[in-house]
Amino acid sequence: MTDALDPWERKILALLQQDADLSTAAVAEAVGLSSSPCWRRIDRLEREGYIKSRVALVDRKKVGLNAQIFAQVKLNAHGRANLDEFTSAIRDFPEVLECYVLMGSVDFMLKVVAADIEAYERFFFEKLSRLSGVQEINSTVALSEIKHTTALPL
């Protein structure tokens, strides 16, 4: 962890990860600062990119996205030359929440959401498997969620 953060800033980040709607006064009180220095620290954290954005976290099941799938994608040799094409296409798929480049036997790990398995099947056959250079896709359906957090351990 970077030494550029002082103890108050770590506390501020921890609090804002739990509830980004907290007022500056509430954050200041919780970390033991007055409002002005607290606001300056929050402003610095935003300007310097420690706080990337403030968003509402939506419950995927309440909006009808009941299936969560992890797809491992392997590209063929021709596909590696078109890596930019693949990554660009993945960025345009709203079903893909996360995409990681991996080292090992597969090239990418995708976290995908869909209304149900049939919706994932359509995504798989109509979009994902049609991308240039895709050699193999292995999909794993998540049955239940044991832990999910967006909070980093500060």
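Read-outs throughout are calculated quantities, based only on the coordinates presented, and are distinct from any laboratory measurement. Just so it is clear, the model here is predicted, and its values are computed rather than measured. A quick note on method: Cβ atoms are made from the backbone with ideal geometry, for glycine too, and the neighbour counts reach across all protein chains shown.
Place a point 7 Å from Cα of Lys111 in the direction of its Cβ. Which residues in the range 122-147 have their backbone N less than 19 Å from it?
Counting backbone N atoms under 19 Å from the label point, the list is 138-147.
Per residue of the chain, what 222 nm ellipticity follows from adding -39500 (n - 2.57) for every DSSP H run with n ≥ 4, rounded to the nearest 500? Each step should come with its number before you reach the end.
Values: 6 runs with 58 residues, N = 154.
Counting only the DSSP helices, I get -11000 deg cm²/dmol.
Which entries in Lys74/Lys127; Lys62/Lys147; Lys11/Lys111; Lys11/Lys52; Lys74/Lys111 show an alpha-carbon gap greater than 23 Å?
Over 23 Å Cα-Cα: Lys11/Lys111.
What ³J(HN,Hα) values, in whole Hz, does the Karplus curve 6.51 cos²θ - 1.76 cosθ + 1.60 give for the range 139-146 when θ = phi - 60°, with x put for Gly and Pro?
With coefficients 6.51, -1.76 and 1.60, one gets 10, 10, 8, 7, 7, 8, 9, 8 Hz.
Please find the FRET efficiency linking Thr149 to Asn66, where r is the Cβ-Cβ separation and R0 is fixed at 22 Å, and quote it to the nearest 0.05. Present the calculation step by step, with values, prior to reporting the outcome.
Values: r = 20 Å, r/R0 = 0.92.
The calculated FRET efficiency here is 0.60.
Can you work out the PRE-style zone for Leu97? Point 7 Å along Cα to Cβ, and I want the residues of the range 40-62 with backbone N under 12 Å.
From the range 40-62, the list is 57-62.
With θ set to phi - 60°, apply the Karplus curve 6.51 cos²θ - 1.76 cosθ + 1.60 along the range 53-70 and write out the HN-Hα couplings as whole Hz, x wherever there is a Gly or Pro.
In residue order, the calculated couplings are 6, 10, 9, 9, 8, 9, 6, 4, 5, 5, 9, x, 9, 7, 9, 10, 10, 10 Hz.
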